[in-house]
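Each remark here refers to the structure printed beneath this line.
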Amino acid sequence: MSSMITRVKQKQIAQLIAKGKRLDGRALTEYREIKVEQGIIERAEGSARVLLGKTEVMVGTKIEIGQPFSDTPNEGVLTVNAELVPLASPTFEPGPPDENSIELARVVDRGIRESKAIEFDKLCIEPGKKVFVVFVDVYVLNHDGNLIDASALAALAALLNTKMPNYEIEDGEVKIKSGYTPLPIKKHPITVTFAKINDKLVVDPWLEEEQVMEARISIATEDDGNICAIQKGGSGYFTPKQVLEAAKIAKEKAQEIRKKLNW
Amino acid sequence: MSQKSEKLIDKKGLRLDGRKPNELRPIKIEVGVLSNADGSAYIEQGKNKILAAIYGPKEVHPKHLALPDRMILRCRYHMAPFSVQERKSPAPSRREIELSKVIREALEPAIFLEYYPRTAIDVFVEVLQADGGTRCASITAASLALADAGIPMKDLVAACAAGKVDDTIVLDLMDTEDKIGAADVPVALMPNLDAITLLQMDGTLSLEEFEQAVNLALEGCRKIYAMQKEALKARYVNVKEVEE
């Protein structure tokens, strides 16, 4: 993504951060205001909208009956897809998913999958044959930076809001009954992203900071503070010390967010 | 990663292939293996067999992708259909697209991109056989191929994974350990600059375990770095006995 801000502003952002300040007045480890709304799309089995400052991400989940993978015959299936919708940013274009949206989807997927947030064994209908498939579709509606954290949060919020259809098996056929049970979620993985600017780590970079950053790192932690997924991005590097510092801050920040949202 | 009760480490503390927890698999590296490429390298790490080739710096097509102040690096990580147990479709998967991106971003910090404005370098990585840790072996080979192509670099990039199997932190996971182990942490390092250019993780680790895993992976990277330098010397330093 080519830079859309002036060099003067780039310099200003970088110089402020060197002094421990940010252009929008936040502390280096401070998030923008987080707003989470759940159950906003009635047709979806679960849904949520997350506002992270001006970044806006909507996630809808759908549940279908499908086949399990051959190596996990007793487990349901999770599929995460991300759409960088063209109306969200002048840099997004219509067309098949590019590497950025694929990376976004895979990082969101990794946080949920590796933390075992969903109790996949409870999604099994008939071992080896029929399981529930959970589709998580991430829809970026406004891009003002840090899509990873906003998307991961929205995905979790939507999953917490997801209903599984009741069913019974009659003569080997799966029959959907009326009523729903909530999708079994036992963990709350929260992803915290840092940008490296002027050799300093900055939490929750907004769009202009992302255009100045040398590299970013996203760290997902579980409720007990264990790390479950990491992704470094961008064409810069981190020192080993910075990586460990980021892991520590990510754990604290994730706890803060969980507390704020009562998860 | 699904956990099974299978034992990955025996009573003596040795792994399925007889390695100690902090031991690398046997590695063979060769530089300059393809005559058409501007630079190339081949690596075998365990049963991994990977070729990397560099084409460029060259004119950018399509032209609008060119940058006025630096060159662009393009990377394609691709697995041969026969490289894994079940045939893999040759079409690029989402995994391959993500890995192409992270491998590119692991190599970019090492290159003086600003030396060749308006040009492109293509990095092609073909995994001929996969045995766990292909992204790391790909980076190790690709950075040698860049050096072989004579691209000005700040350092070589050496990569190695560490992870956790059966409650033990281990180095350089092979396929089975990667699939049923508890965590996998691939790391790429520019050893002279102490700069981590790739870091990913999946699985579950506590903060302390994560620190151990990163440190072990860095140690592995440094060992691989030494092998990379040997491979470069084997290609370029030709000592001949002088006969009087």
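The values are calculated or read from the model by the stated rules, or taken from the named source; none is laboratory data. Quick caveat, the model's predicted, so the values are computed rather than measured. Every residue, glycine among them, receives a Cβ derived from its backbone with ideal geometry; neighbour counts consider all protein chains shown. The protein model used for the area step is the full one, side chains on, heavy atoms only, and it has no ligands, DNA or RNA in it. Shrake-Rupley method; radii C 1.70, N 1.55, O 1.52, S 1.80 Å.
In whole Hz and in residue order, list the ³J(HN,Hα) couplings for the stretch A:79-91 that follow from phi through the Karplus curve 6.51 cos²θ - 1.76 cosθ + 1.60, θ = phi - 60°; x for Gly and Pro.
10, 10, 10, 10, 10, 8, 5, x, 6, 8, 6, x, 8
GNM, chain B, Cα, under 10 Å: largest mean-square fluctuation among B:208, B:59, B:30?
Comparing B:208, B:59, B:30 in a Gaussian network model of chain B, the most mobile one is B:208.
Can you sort A:106, B:87, B:104, B:118 by solvent-accessible area, 1.4 Å probe, largest first?
My answer, sorted largest first, is B:87, B:118, A:106, B:104.
What number comes out for the charge environment of residue A:154, summing +1 per Lys or Arg and -1 per Asp or Glu over other residues with Cβ under 13 Å away?
Within the 13 Å Cβ shell, the charges total -3.
Choose one answer from B:31, B:157, B:84: the residue with the largest mean-square fluctuation in a GNM of chain B with alpha-carbon springs under 10 Å.
Highest fluctuation among the options: B:84.
For chain B, what is the relative contact order in percent, using Cα pairs closer than 8 Å and at least 6 residues apart in sequence?
Answer for chain B is 22 percent.
Thinking of the protein assembly as shown as a set of Cα atoms, what percent of all their pairs are more than 34 Å apart?
Value for the protein assembly as shown (Cα pairs over 34 Å): 38 percent.
With chain B treated as a Gaussian network of Cα nodes joined by springs under 10 Å, which of B:231, B:217, B:145 yields the largest mean-square fluctuation?
Greatest mean-square fluctuation among the candidates belongs to B:231.
Place a +1 charge on the Cβ of each Lys and Arg in the protein assembly as shown and a -1 charge on the Cβ of each Asp and Glu, then give the dipole magnitude about the Cα centre in debye, rounded to the nearest 20.
That gives a dipole near 740 debye.
Under 20 Å Cα to Cα from residue A:260, which lysines show up? Leave out anything in the same chain fewer than 8 places away.
In chain and number order, the partners are A:35, A:54, A:186, A:187, A:248, A:251.
Using the Karplus equation 6.51 cos²θ - 1.76 cosθ + 1.60 (θ = phi - 60°), what ³J(HN,Hα) coupling, rounded to whole Hz, does each residue of the stretch A:96-111 give in order, writing x for Gly and Pro?
Those phi angles translate into x, x, 8, 4, 5, 6, 5, 4, 4, 4, 6, 6, 4, 4, 4, x Hz.
Largest first, what is the accessible-area ranking of B:122, B:178 with a 1.4 Å probe?
Accessible-area ranking of B:122, B:178, largest first: B:178, B:122.
If I take every Cα pair under 8 Å that is 6 or more residues apart in the stretch A:1-117, average their sequence separation and divide by the length, what percent do I get for the relative contact order?
About 12 percent, as a whole number.
Kindly point out which whole DSSP H helices in chain B project their C-alpha atoms 30 angstrom or further along the helix axis while averaging a Kyte-Doolittle hydropathy of -1.0 or above.
B:207-236
If I fit a long axis through the Cα atoms of helix A:7-18 and take the longest principal axis of the Cα atoms of chain A, what angle between them do I get, 0 to 90°, rounded to 10?
80 degrees
Quick one: what are the phi-derived ³J(HN,Hα) couplings along the stretch A:257-263, Karplus 6.51/-1.76/1.60 with θ = phi - 60°, whole Hz, x for glycine and proline?
Listing the rounded values in order: 5, 4, 5, 4, 8, 6, 9 Hz.
Which value, in debye to the nearest 20, gives the size of the charge dipole of chain A about its Cα centre, when Lys and Arg are +1 and Asp and Glu are -1 at the Cβ?
1100 debye
Net charge around residue B:200, counting only other residues with Cβ within less than 9 Å of its Cβ (Lys, Arg = +1; Asp, Glu = -1)?
+1
Just to be sure I understand the model, the point goes 7 Å from the Cα along the line to the Cβ. What's the resulting residue B:112 to residue B:20 distance in nm?
Label at residue B:112, label at residue B:20, 4.1 nm between them.
Counting only protein chains, not ligands or nucleic acids, how are B:116, B:236 ordered by accessible area (probe 1.4 Å), most first?
Largest accessible area first, the list is B:236, B:116.
So for the pair residue A:98, residue A:186, with labels modelled 7 Å out along Cα→Cβ, what separation do we get in nm?
In this crude spin-label approximation the distance works out to 4.1 nm.
Amide H neighbours of residue A:138 under 5 Å, counting only residues 5+ apart in sequence or on other chains, H built in-plane at 1.01 Å?
A:81, A:82, A:83
Applying 1/(1 + (r/R0)^6) with R0 = 45 Å to the Cβ-Cβ distance of residue A:6 and residue A:67, what FRET efficiency is obtained, to the nearest 0.05?
Computed FRET efficiency for residue A:6 and residue A:67 comes out at 0.25.
Which whole-number percent is the relative contact order of the stretch A:133-263 (Cα, under 8 Å, 6+ apart)?
20 percent
Provide, for the stretch B:27-234, the number of lysine pairs with alpha carbons under 15 Å apart, each pair being eight or more places apart or on different chains.
7
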